[in-house]
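The values are calculated or read from the model by the stated rules, or taken from the named source; none is laboratory data. None of these values were measured; they are calculated from a predicted model. Cβ sites come from the backbone with ideal geometry, for glycine too, and all protein chains shown count toward neighbours. Only protein heavy atoms, including side chains, enter the accessible area calculation; ligands, DNA and RNA are left aside. Shrake-Rupley method; radii C 1.70, N 1.55, O 1.52, S 1.80 Å.
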Amino acid sequence: MADEQVDIDGQTSSGQPESFGFQTEAKQLLKLMIHSLYSNREIFLRELISNASDAIDKLRFEAIAHPELLEDDPGYRIRIVFDADAGTLGVIDNGIGMSRDDVIDQLGTIAKSGTGEFLERLTGDQQRDASLIGQFGVGFYSAFMVADEVEVLTRRAGGESGTRWRSRGEDEFSVESVDDLPRGTRVILHLNADSKEFADAFRLRSVVRRYSDHIGVAVEMLEELPAPGDDDEPAEAPEPQWEAVNSAKALWTRSRSDVSDDEYKEFYKHVSHDFEDPLSWSHNRVEGKLEYTSLLYVPKQAPFDLWNREAPRGLKLYVQRVFIMDEAEQFLPLYLRFVKGVVDSNDLSLNVSREILQQDERVTSIRNALTKRVLNMLDTMATKEPDQYQGFWDEFGEVLKEGAGEDFANREALCKLLRFASTHEPGATKNVSLDAYLERAGDDQEKIYYVVAESFENASSSPHLEVFKQRGIEVLQLYDRIDEWLMSGLTEYADKQFQDVARGDIDLPEADENTDEEEAASADDSGLTERIATALGDRVESVKASKRLIDSPACLVLGEFALSPQMRRMMEAAGQAAPESKPHFEYNAKHPLVVRLDQEPDEDRFDQLVRILFDQAALAEGGTLEDAPAYVDRLNSLLLELLSD
Ligand code: ADP
Ligand code: MG
């Protein structure tokens, strides 16, 4: 029998076990996972093999500079052993291993930032929680789904003594020093009553093939010899040999036509630590001046830390098939931080560092090419599978908008990918592309009209939309945090200018120009404009009869280049000084209130009424009043007058 199998419990301990409590978050997560992922227990093996493979990748890399770390065992392998009678199962690797401190840190705490917040979002609804936990990637702890007790024996490559970690997955774990361990890690599971089925060669082989075939290192099991027949000589039983159960060829090095969708999906789970299938992927080998292979994935769900700027991101970098680093963020722009995958370069040197990556021109070219690849992949999805793309947009649209605002080289491609809510569609569904908008608008319409507001409700009821609604002109409704910033950078798409409906003058196509202009002109003549301007004084930049309003008496319009109220608030919140800017006041000459106002002989009363219209205009577009109590006072004295008449 092979040594691993007999040695499972054979180490001599040198010291007393010391107990530690699991970090609170780790404990919570452990409990939740056991319950919510229970129906898919077999993935524990994928997680343990994935960790073993990561550990081997790390040693391979460190051994480039420090070959002595390999000691006298230059090969790399993962082995799976089991004992059906004892109900134990072991996953053994000869990778980098862990020091005592590593063990305590890495197997006792969850270092990911934002874990607390993440846990608060769990609802108790099993199905939902399972998918949330999946995104979180809980790796090692999945062992407790099948085991009453988990034991980890490990020695860091080059380290002196080893460590035994043991836990029943409840509140605590124990750690003790152990002598004479080979380098690497063995994880031993004492299977629970429901999971004895895993101590079975056939079952294990099929799980390994299903989930871990793509791993670039051999996963070995002892070969199965036919049971000796009754009349065989008992003397010469042959020794079973180790044999690889997986194909042990790194998936991205294979040709596309050789890799099945299921294999791509499993590989994604290995690189991303996500439990869900990816939404889409793109696998390419580039030859020529630069030679590299990339395998890029778009996830289905946004990770919980998408908006945490410090969150790890980037691709796994390999150089000539040797793992170099995780989270090489230099290969994609920040706005594609949700993309996962691998890049394997033939040109970079094995000892590249993050600093070198930052300056290397070859990295810049690869990054430009990979960016285009991802945008192409998204464009294809948008064209061929619009429903799937919609799912993508709902998860990642706001991040992609960062790109449309800052990546000038790819702006056209990014604009094509944008989706907005629009007055054409009922409800707050962000599914209108600029191309669809322009197709409906027709050639006569010169501009792409949009409104920016703080919420969908405000973007739907804004007085600025009235004339557009009346004339059936579509307006895009923007209400994401980032939209104001986005639109301050976008000026045109497909030769059409973007036009904020709350800004500047608007020239509408197919308007009954004559009647409108005439009415506006006659109102101007009447001196009403003059009177209002005097009443509002330096609160406004200008006053005029409006062409935008149908139902509302008045609205505020921003200058073409003035800062919007949202932008102003953002700048002020960030402690920046926002330049002063005054709105233009537009009134609706046909509105009964305005008609009545025009006939008001009492100047003081006229002033009060105009101030009320002014404040209401700010309120109607979701703004705030400079002096709200004064507004309430004015309105109340008017109401009193009315009621006491
Ligand atoms: P992840 O793989 O996402 O980091 P896991 O829960 O799977 O999370 O593993 C936690 C950590 O424990 C790993 O990041 C690694 O540092 C350590 N670890 C787990 N298994 C091994 C192993 N076989 N060899 C070395 N380190 C390991
Ligand atoms: Mg893991």
- prompt: Looking only at residues in region 46-59 that are more than 12 Å from ligand 2 (Cβ to nearest atom) and among the aliphatic types (A, V, I, L, M), which one is nearest to LEU69 (Cα to Cα)?
  reply: LEU59
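In this structure, does LEU315 turn out to be open to solvent by less than 20 Å² (accessible area, probe 1.4 Å) and touching a Ser or Thr at 6+ places or on another chain (Cβ under 6 Å)? Explain how you work it out, then say what you get.
Numbers: open to solvent by less than 20 Å² (accessible area, probe 1.4 Å): yes; touching a Ser or Thr at 6+ places or on another chain (Cβ under 6 Å): no.
Considered against the rule, which asks whether it is open to solvent by less than 20 Å² (accessible area, probe 1.4 Å) and touching a Ser or Thr at 6+ places or on another chain (Cβ under 6 Å), LEU315 comes out as no.
Of all residues in region 167-196 being under 35 Å from the mean Cα position of the chain (by Cα) and basic (Lys, Arg), which is farthest from ligand 2 (Cβ to nearest atom)?
Pass one, region 167-196, residues under 35 Å from the mean Cα position of the chain (by Cα): 167-173, 184-189, 195.
From what's left, basic (Lys, Arg): 168, 186.
Values: ARG168: 21, ARG186: 16 Å.
Per the stated criteria, the residue is ARG168.
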statement: Of the candidates ALA562, ALA574, ALA578, ALA630, the one satisfying the condition of being touching a residue at least 40 places away in the same chain (Cβ under 8 Å) and open to solvent by less than 80 Å² (accessible area, probe 1.4 Å) is ALA562
- prompt: Applying the selection to region 607-620, what residues are open to solvent by 60 Å² or more (accessible area, probe 1.4 Å) and in contact with a strand residue (DSSP E or B) (Cβ under 9 Å, 6 or more places away or on another chain)?
  reply: GLN616
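Do we have LYS401 as in contact (Cβ under 8 Å) with a residue 24 or more places away in the chain and over 26 Å from the mean Cα position of the chain (by Cα) here?
Taking the combined requirement at face value, the residue does not satisfy it.
Suppose we keep only residues that are acidic (Asp, Glu) and either more than 29 Å from the chain's Cα centre (by Cα) or more than 13 Å from ligand 1 (Cβ to nearest atom) (or both) within region 22-81. Which one would you say is surrounded by the most Cβ atoms within 10 Å (Cβ to Cβ)? Spell out the reasoning first.
Keep residues of region 22-81 that are acidic (Asp, Glu), which gives 25, 42, 47, 54, 57, 62, 68, 71-73.
With the extra rule that they be either more than 29 Å from the chain's Cα centre (by Cα) or more than 13 Å from ligand 1 (Cβ to nearest atom) (or both), the set shrinks to 42, 62, 68, 71-73.
Working: GLU42: 18, GLU62: 15, GLU68: 8, GLU71: 12, ASP72: 5, ASP73: 12.
Here the answer is GLU42.
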- prompt: How do the pairs read when you match residues in region 538-550 that are within 18 Å of LEU563 (Cβ to Cβ) with residues anywhere that are outside any strand (DSSP E or B) and not charged (D, E, K, R), using Cβ under 7 Å and keeping only pairs 6 or more apart or on different chains?
  reply: ARG539/PHE614; VAL540/PRO583; GLU541/GLY559; GLU541/PRO583
query: Scanning region 82-103 for residues that are out of contact with any Ser or Thr (no Cβ under 8 Å at 6 or more places or on another chain) and more than 15 Å from ligand 1 (Cβ to nearest atom), which turns out most open to solvent (accessible area, probe 1.4 Å)?
result: ASP85
message: Given the criteria surrounded by fewer than 14 Cβ atoms within 10 Å (Cβ to Cβ), modelled with pLDDT of 90 or more and either within 16 Å of ligand 1 (Cβ to nearest atom) or over 22 Å from ARG321 (Cβ atoms) (or both), does GLU224 qualify?
response: no
message: Can you list the strands (runs of 3 or more DSSP E) lying wholly within region 6-105 that have 3 or more residues being touching a Phe, Trp or Tyr at 6+ places or on another chain (Cβ under 9 Å) and of a type outside the set (Lys, Arg)?
response: 18-21, 88-93
message: Looking at TRP281 and the list (1) assigned to a strand (DSSP E or B); (2) open to solvent by less than 30 Å² (accessible area, probe 1.4 Å); (3) more than 17 Å from SER212 (Cβ to Cβ); (4) not polar (S, T, N, Q), which single condition is not satisfied?
response: (2)
